[in-house]
1. At 0.36 nm per residue, minus the direct Cα-Cα distance, what do Lys268 and Gln364 gain on full extension? Give it in nm, one decimal, please.
2. What does the extension gain come out to for Arg179 and Glu15, with contour length at 0.36 nm per residue minus their alpha carbon separation?
3. What does DSSP give for the chain in terms of the percent of beta bridges that are antiparallel, rounded to the nearest 5?
4. What is the distance in Å between the Cα centroid of segment 63-109 and that of segment 133-180?
5. When the chain is modelled as a GNM with alpha-carbon springs shorter than 10 Å, which of Ser62, Ser202, Ser233 fluctuates the most?
6. Run the numbers for Asp56 and Glu222: contour at 0.36 nm per residue of separation, minus the present Cα-Cα distance, in nm.
7. Checking the cross-link filter: which aspartates and glutamates have an alpha carbon closer than 16 Å to that of Lys268, excluding same-chain neighbours under 8 positions apart?
8. Roughly how many whole Å is it from the C-alpha centroid of segment 1-54 to that of segment 257-272?
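No lab work stands behind these numbers, since they all come straight from the coordinates. Here the structure is a predicted model, which is why all the values come from computation and not from measurement. All Cβ positions, glycine included, derive from the backbone under ideal geometry; neighbour counts span all protein chains shown.
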Amino acid sequence: MADVSTFSDDPYTDENLTNPYPLFERMRAAGPAVWLEKYGVLAFAGFEECKEILEDHRTFISSAGVGPKNLHHEPAWRPQGILESDPPIHGPMRAAMAGVISPRGVRSLRSGFESFAEELVDSLIERETFDGVADLAELFPIRVFGDAVGIPREGREANLLPHGAMNFSSFGPDNERSRGFFEKGEATHRWVMDNCARENLSPDGMGAQIWEYADRGDITPEEAALLVRAMLSAGLDTTVFSIGNTLQALAAHPEQWATLHANPRMAKFAIDEALRYESPFQSFYRTVAMPTVFRGIALPAGAKVLLFMGSANRDGAHWGDTADEFIIDRNAGGHLAFGMGIHQCVGQPISRLEMDVLFTVMAQRIRNLELVGDPVPYLHNTLRGWRSIPLKITPA
Ligand code: OVM
């Protein structure tokens with residue numbers, strides 16, 4: 001059996017969350033996995049290892065939870081949904097979600113997204129300086145994604161963002177930071193669950209379309225409500241952080257912004273590179289279903305494994321010696337920011353549409369994108385992003 005190095009490091013300290021890359025690099029150099037002593041968990045930080053584990057959903061299951069708690073033995077904080085399920089339960093829920101969020105299904109949303117992006121970007125050009133997080137990364141998805149799902153406009157920001165921060169905290173350790181997000185988020189759960197009910201969803205939105213799968217008997221009414229819950233808990237913060245990270249990376253690399261401004265069609269590539277370079281969703285756990293040997297390491301049934309996709313996306317063994325550089329015309333395809341395998345992000349087409357529309361309009365209308373102060377990091381056990389990005393823009 002292979003030796004596994006023991007690390008006393010804690011990936012969840014302020015320092016390591018602010019800059020996780022030195023620790024990730026040491027973890028990758030130490031072998032296919034390291035033992036994180038403080039948490040009693042085996043962690044994988046390499047691209048090939050994370051990808052293979054994500055693709056092997058029979059050995060590395062999700063129904064025991066995708067955080068450190070084993071939900072087969074401990075209660076979950078909420079009923080388990082599509083994320084925390086395995087086949088055969090997973091299949092019909094996935095099919096309903098994929099049916100509603102198909103590339104074809106979301107195409108009809110483009111022109112509405114475009115009008116709002118144009119209006120918003122023009123108003124920011126007028127202002128010249130603004131906060132890339134509150135005034136753009138949050139504002140844009142809260143409006144367009146909320147409308148697409150079909151929830152009321154009133155109460156979105158007060159409820160959805162704290163709810164997401166709380167929910168995503170359950171995919172990391174129980175510590176002071178995650179308890180803080182639970183305290184702030186608790187009061188929002190009711191609002192989110194109420195808006196999953198059919199009678200509160202607008203009849204033309206994606207939420208209502210999910211309920212049609214329940215009418216046809218493809219899924220149960222409980223599953224329909226859980227799928228709308230998944231849209232509302234997974235669909236917003238992730239895109240907010242993705243937009244913020246892309247803005248920050250582009251502002252910090254003026255030559256990359258110049259390339260995009262000269263070539264707005266490159267928006268899609270800039271987005272994938274930003275997702276690779278600063279992955280909004282840093283880590284997930286899986287649970288070993290049966291005794292397994294992986295890379296020469298014996299894994300007992302019931303063991304948790306921790307996968308750092310944020311590290312896999314910086315792995316020089318896969319991305320070459322420019323892995324730590326932000327280069328929008330590299331081929332960043334195949335990154336693990338959306339996961340891989342049967343649980344790979346089903347909301348991707350809509351998140352990509354939001355970002356493509358926004359960054360295309362920005363590339364066309366903005367000549368210079370500059371930081372006018374230090375961005376403030378958002379420290380979260382699972383998410384990586386910014387609390388504030390002071391920006392200045394000049395029109396094309
Ligand atoms: C959830 C959920 C569902 C899908 C993905 C996700 C990326 C979370 O229901 O909390 O995180």
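1. Length difference between fully extended and current span is 33.2 nm.
2. Extra length available between Arg179 and Glu15 comes to 57.2 nm.
3. Among the beta bridges of the chain, antiparallel pairing accounts for roughly 80 percent.
4. 18 Å
5. Ser202
6. Full extension from Asp56 to Glu222 adds 57.0 nm.
7. Lys268 reaches Glu114, Glu278, Asp329, Glu354, Asp356.
8. 33 Å
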